[in-house]
Amino acid sequence: MADLGGIFKAYDIRGLVKTELTPETVLSIGKAFGDWLPMAGPVAVGRDMREDSAKLAQSLIEGLRRQGRSVIDVGLVTSDMIYFAIGKRKLAGGAMITASHNSKDYNGIKLYRDEVVPVGLDSGLAKIRDNTLKQKFKPRAAKPGGYRKLSIRDDWIAHCLTFVDKLS
């Protein structure tokens, strides 16, 4: 694997699409993330509206599933919605494919563990980076993890409405 250590930032992963953040690289990140997560259980994966986000999400999902992790694909969501999915469903973790404010040539991944704790270099991302770069993974699971799509939109809207004062 090319020297991609620079795509692993303090609190997320960001890189140029097609040269740094490729489907192959994201598949490896998914495998390393699935191996690293400290809690057993499913992982939520969401994505933003960038043209390449759906393909990168599928690569991440494939990597997670190869390591035996079940995945809940929440589809096109905001970052706040992935936090909500992880916390509401008490998941082992989650990932959001998004480059946030970066230009269209970039994309990225935000990783979270159980209880919606961000995964940064000091809290697990360095290990995920090292295992990704070294291609060091646990043996492939005998059976891939499960997969299901789930719309969290209605639950998210209901949650947001709890913050609104009701008119009398």
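The values are calculated or read from the model by the stated rules, or taken from the named source; none is laboratory data. This one's a predicted model, so the numbers in the text were calculated from it and none came from an experiment. FYI the Cβ positions are ideal-geometry reconstructions off the backbone, even for glycines, and counts take in every protein chain you see. With ligands, DNA and RNA removed, areas are computed over all heavy atoms of the protein, side chains included. Shrake-Rupley method; radii C 1.70, N 1.55, O 1.52, S 1.80 Å.
Which residue, of Ala92, Ala10, Ala44, is touching a residue at least 12 places away in the same chain (Cβ under 8 Å), open to solvent by less than 20 Å² (accessible area, probe 1.4 Å) and more than 10 Å from the chain's Cα centre (by Cα)?
Ala92
Is one or more of the residues making up the range 15-22 over 15 Å from Val117 (Cα atoms), among the charged types (D, E, K, R) and open to solvent by less than 40 Å² (accessible area, probe 1.4 Å)? Lay out the reasoning, then the answer.
As a first pass, look at the range 15-22 and keep what is over 15 Å from Val117 (Cα atoms): 15-22.
Cutting the leftovers down to among the charged types (D, E, K, R) gives us 18, 20.
Going one step further and asking which of them are open to solvent by less than 40 Å² (accessible area, probe 1.4 Å), we end up with none.
Checked against the condition, which is being over 15 Å from Val117 (Cα atoms), among the charged types (D, E, K, R) and open to solvent by less than 40 Å² (accessible area, probe 1.4 Å), the range 15-22 yields no hits at all.
With (1) in a helix (DSSP H, G or I); (2) among the hydroxyl-bearing types (Ser, Thr, Tyr); (3) open to solvent by 50 Å² or more (accessible area, probe 1.4 Å) as the list, and Ser100 as the residue in question, which single condition is left unmet?
The one condition Ser100 does not meet is (1).
So, in the range 140-156, exactly how many residues are in a loop (DSSP other than H, G, I, E, B) and open to solvent by 100 Å² or more (accessible area, probe 1.4 Å)?
Going through the range 140-156 one residue at a time, the tally reaches 3.
Checking the condition part of a loop (DSSP other than H, G, I, E, B), open to solvent by 20 Å² or more (accessible area, probe 1.4 Å) and in contact with a helix residue (DSSP H, G or I) (Cβ under 7 Å, 6 or more places away or on another chain), which residue from Phe137, Phe84 passes?
Every option except Phe137 fails the conditions.
Take Leu91 and tell me if it is more than 17 Å from Asn131 (Cα to Cα), modelled with pLDDT of 95 or more and assigned to a loop (DSSP other than H, G, I, E, B). Walk me through it before giving the result.
Details: more than 17 Å from Asn131 (Cα to Cα): yes; modelled with pLDDT of 95 or more: yes; assigned to a loop (DSSP other than H, G, I, E, B): yes.
Criteria met by Leu91.
Of the conditions (1) of a type outside the set (Ser, Thr, Tyr); (2) within 21 Å of Trp156 (Cβ to Cβ); (3) open to solvent by 40 Å² or more (accessible area, probe 1.4 Å); (4) not in a helix (DSSP H, G or I), Glu51 satisfies every one except a single condition; which number is it?
The single condition Glu51 does not satisfy is (2).
Among the residues of the range 109-119, which ones are of a type outside the set (Phe, Trp, Tyr) and buried (at least 16 other Cβ atoms within 10 Å of the Cβ)?
Residues of the range 109-119 of a type outside the set (Phe, Trp, Tyr): 109-111, 113-119.
The answer is Ile109, Lys110, Leu111, Arg113, Asp114, Val116, Val119.
Against the condition open to solvent by less than 100 Å² (accessible area, probe 1.4 Å) and without any contact (Cβ under 8 Å) to a residue 60 or more places away in the chain, how does Tyr106 come out, does it pass?
Taking the combined requirement at face value, the residue does not satisfy it.
Can you find even one residue in the range 25-40 that is closer than 17 Å to Ser151 by Cα and open to solvent by 60 Å² or more (accessible area, probe 1.4 Å)?
Within the range 25-40 (the criterion being closer than 17 Å to Ser151 by Cα and open to solvent by 60 Å² or more (accessible area, probe 1.4 Å)), the answer is no, since none of the residues qualifies.
Working only within the range 15-49, note down all residues that are among the basic types (Lys, Arg), under 16 Å from Lys104 (Cα atoms) and at pLDDT 95 or above.
Going residue by residue through the range 15-49, those that are among the basic types (Lys, Arg) are 18, 31, 47.
Next cut, under 16 Å from Lys104 (Cα atoms) only: 18, 47.
Selection gives Arg47 alone.
I'd like the full set of residues that are in a strand (DSSP E or B) and in contact (Cβ under 8 Å) with a residue 40 or more places away in the chain, limited to the range 109-134.
Passing the criteria: Ile109, Lys110, Leu111, Arg113, Pro118.
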